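The values are calculated or read from the model by the stated rules, or taken from the named source; none is laboratory data. Worth saying up front: this structure is predicted, and the values here are computed from it rather than measured. Counting neighbours? That spans all protein chains shown, and the Cβs are built from the backbone with ideal geometry, glycine included. Just so you know, the surface numbers come from the protein's heavy atoms only, side chains and all, with ligands and any DNA or RNA stripped out. Shrake-Rupley method; radii C 1.70, N 1.55, O 1.52, S 1.80 Å.
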Amino acid sequence: MEETFSVLCRNFWLVVLPFVLGGCVFTPTAPQAISALTSVAATPTPAVTVAGGVKAVKIYFQASTNSSFDAPSSNLLGTVAAVGSGLQAKRIYNGDGSALALRGTTDPSWPAWLTSFEIGVSGSSNASATNAHCANFVYSTEAISTRDCKTPLGVTYNCGAPLNQFRVSEWDCTGASVGNGGPSDGIYFRAVFNRATTALGTNENILAVIEYSASALNAAPTNPLNCFSGGIFTPESCSDFTWRAYLKRSALDTVQPFLVMVPPISSSSLQAGTGLVAKQIFLPIAADPTFTTFQLSRTGSILTPATTNFSTQCLNARSTGDSPLCAGMIFYSITFFRI
């Protein structure tokens with residue numbers, strides 16, 4: 001009986017340290033050491049802050065008292081290419097499109113987590129984009145049906161945009177400076193977020209949903225070799241124009257982009273400018289409490305007046321392009337969701 005009990009003692013597997021039980025002394029060797037009998041500390045629960053307030057803000061890219069922006073003081077002047085000098089959103093809306101705050105950032109209904117939203121408008125005051133027809137709101141003479149472009153087959157179509165809509169006409173941007181996501185970009189959107197815990201919870205991120213149309217002169221690169229740089233595939237090198245997204249600690253910073261928004265381009269002049277896109281961009285601001293600024297910038301174009309068919313397709317009789325649906329962008333809205 002004693003021999004049997006001794007064998008049981010030696011083979012008992014749930015042993016970690018020398019332990020006395022019922023008169024048996026267990027001294028396990030290293031392979032038998034198991035931590036099941038030791039106390040395990042509970043995993044600490046991270047502190048989570050939840051800020052109140054609205055969870056979504058929608059901004060419409062129109063210059064109208066019934067939309068987010070006031071008309072620029074002059075269609076010819078544009079805005080200064082500097083932080084805080086862009087055209088500010090004055091009216092914002094809930095995610096469902098209903099009115100949220102209609103009197104600017106001083107409106108009591110303006111959410112504390114969105115400090116500001118501004119856009120760059122081209123014109124003589126904008127040293128980075130001096131042509132007023134480049135990035136601007138559609139005025140009446142552009143919106144009329146005579147603003148025609150031509151497909152490669154010679155079929156004319158209205159390549160303008162809806163009245164008062166913000167758009168970028170690449171024909172008129174050929175002299176604009178190349179952007180880099182920094183404070184002196186001429187054609188951009190910039191949102192600044194308040195990272196105070198009373199405004200945004202420490203665990204909250206932002207989802208930006210942008211509705212736009214992007215039309216290009218070339219449906220495909222004329223020379224696929226242009227899509228490579230140093231042997232690396234770089235699609236923006238063979239795109240008619242490029243927009244990039246930036247996440248920054250300060251609006252004054254110049255950082256590497258984290259996403260290429262355009263390309264891809266949804267349509268070409270061969271399709272008469274059709275194509276509406278809704279793109280989602282996730283902003284992981286919870287990873288770093290110092291992230292405050294989201295910026296979208298037009299960062300380049302390979303189009304020049306000498307580009308084959310550029311003038312015959314995108315330039316109208318007034319010697320100004322005003323042709324975003326031939327080569328360019330039309331922006332409809334951007335919505336920020338707290339997630």
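Under 30 Å of direct C-alpha separation, and excluding same-chain neighbours fewer than eight residues apart, residue 90 reaches these lysines: 55, 58, 248, 279. For Cα pairs less than 8 Å apart in space and 6+ apart in sequence, what is the mean separation divided by the residue count of segment 92-187, i.e. the relative contact order in percent? Relative CO of segment 92-187 lands at 26 percent.
Gap in Å between the Cα centre of segment 169-190 and the Cα centre of segment 260-339? Cα centres, segment 260-339 to segment 169-190: 11 Å. Under a 5 Å amide H cut-off, with hydrogens placed 1.01 Å from N, residue 266 pairs with 214 among residues at least 5 apart or on other chains. Taking other residues whose beta carbon is less than 13 angstrom from the beta carbon of residue 103, and scoring Lys, Arg as +1 and Asp, Glu as -1, yields 0. Across the accessible surface of segment 154-220, with the other protein chains kept in place and a 1.4 Å probe, carbon and sulfur atoms take up 51 percent. Hey, could you get me the Stokes-Einstein D for segment 285-339, Kirkwood radius over alpha-carbon pairs, 37 °C and 0.692 mPa s, rounded to whole µm² s⁻¹? After rounding, the answer is 219 µm²/s. The trypsin sites (Lys or Arg not before Pro) of segment 241-331 that DSSP puts in a loop, and whose beta carbon has at most 12 other beta carbons within 10 Å, are 318.
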